[in-house]
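Okay, so here's the structure we're looking at.
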Amino acid sequence: MESPPEFPPEPPREPILTLPGALTAYIVVLAVIHLRVLLPPDLEYWTIEVFGFIPRRYDPTLLATPFPGGSGAKVWSFLTYSLLHANISHLGFNVLWLLPFGSAVARRFGAIRFFIFMAVTAIAGALAHLITHEHAIAPMIGASASVSGAMAAAIRFAFGRGSFLSFSRGDANAAAQVPALSLMRALRDPRVAGFLAVWFGVNIVFGVGSIAIGADGAAIAWQAHIGGFFAGLMLFSLFDPVPHASANAADAASPDATNRR
């Protein structure tokens, strides 16, 4: 009597929300830096003035005005502001949004690309804030521009069949490797268009209504969010190591693709 054929065991499926090492490291860095709130109040605010993004630093008519950090702060604050947060709720809110979107992007890009991408989107957010708040003296802090950039990057592939926002997703690694649509095809996808409408609507409501967050009533720098988002959306292909979907694959992944063959 023949024994039944033996099949190799299936590889374990990694949960979709298991954090990749790059994202874990990024969150740990944010948390460790936030320990600055334990400093004496004067010194704690000094760190915000030195490492936060202050548009008035770049006003050519105020060259004689001393700013903490000097000329160096004009360079590093384009990035370092994104590592500071006003309070634990501000930090927690950004981390909460990073968990699904940042996880997918970090897993897809790999550590080096992910860190560079987060830096580029932070710089884009600072530039958008500078253009719209030319003489503002209030420091801007927070990772929201980079978080917005990660969200924008994620939607380039998140709705594809098998990816993490589709109904037929696989394990986390497979979901992160789904070929992305071209930018024009992505913008024509009704799911992406709906996501964009909601995202921009929320940011505009927060901006126009001057809605504040946190116990200290800090206003949301929504222009920086949009700057980071646009950078993530437009620059995604420069970082993406996965070949883009072909036209036929894109049609097959669309929500209305049923028995087209």
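Summary table below
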{"read-out": "Residue among G110, G72 that alone is over 23 Å from I220 (Cα atoms), touching a residue at least 24 places away in the same chain (Cβ under 8 Å) and out of contact with any Asp or Glu (no Cβ under 8 Å at 6 or more places or on another chain)", "value": "G110"}
{"read-out": "Restricting the range 112-166 to residues that are outside any helix (DSSP H, G or I) and among the hydroxyl-bearing types (S, T, Y), the residue that is modelled with the lowest pLDDT", "value": "S166"}
{"read-out": "Out of A176, A172, sole residue that is under 18 Å from L235 (Cα atoms) and either at pLDDT below 85 or under 17 Å from the mean Cα position of the chain (by Cα) (or both)", "value": "A176"}
{"read-out": "Residues that are open to solvent by 10 Å² or more (accessible area, probe 1.4 Å) and out of contact with any Pro (no Cβ under 9 Å at 6 or more places or on another chain), drawn from the range 105-130", "value": "I112, F115, I116, A119, V120, I123, A124, L127, A128"}
{"read-out": "Residue match in the range 43-59 (condition: farther than 30 Å from G110 by Cα, at pLDDT below 95, in contact with an Asp or Glu (Cβ under 9 Å, 6 or more places away or on another chain) and not in a helix (DSSP H, G or I))", "value": "yes"}
{"read-out": "Condition met for P241 (farther than 21 Å from L83 by Cβ, at pLDDT 85 or above and in contact with a Gly (Cβ under 8 Å, 6 or more places away or on another chain))", "value": "yes"}
{"read-out": "Given (1) crowded, with 16+ Cβ neighbours inside 10 Å; (2) at pLDDT below 70, index of the condition F195 fails", "value": "(2)"}
{"read-out": "Qualifying residue in the range 131-149 (condition: out of contact with any His (no Cβ under 8 Å at 6 or more places or on another chain) and acidic (D, E))", "value": "yes"}
{"read-out": "Residue in the range 13-26 that is charged (D, E, K, R), at pLDDT 90 or above and open to solvent by 70 Å² or more (accessible area, probe 1.4 Å) present", "value": "no"}
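The values are calculated or read from the model by the stated rules, or taken from the named source; none is laboratory data. Because the structure is a prediction, the values reported are computed rather than measured. Neighbour counts run over all protein chains shown; Cβ positions are idealised from the backbone, glycine included. Side chains included, ligands, DNA and RNA excluded: accessible areas come from the protein's heavy atoms. Shrake-Rupley method; radii C 1.70, N 1.55, O 1.52, S 1.80 Å.
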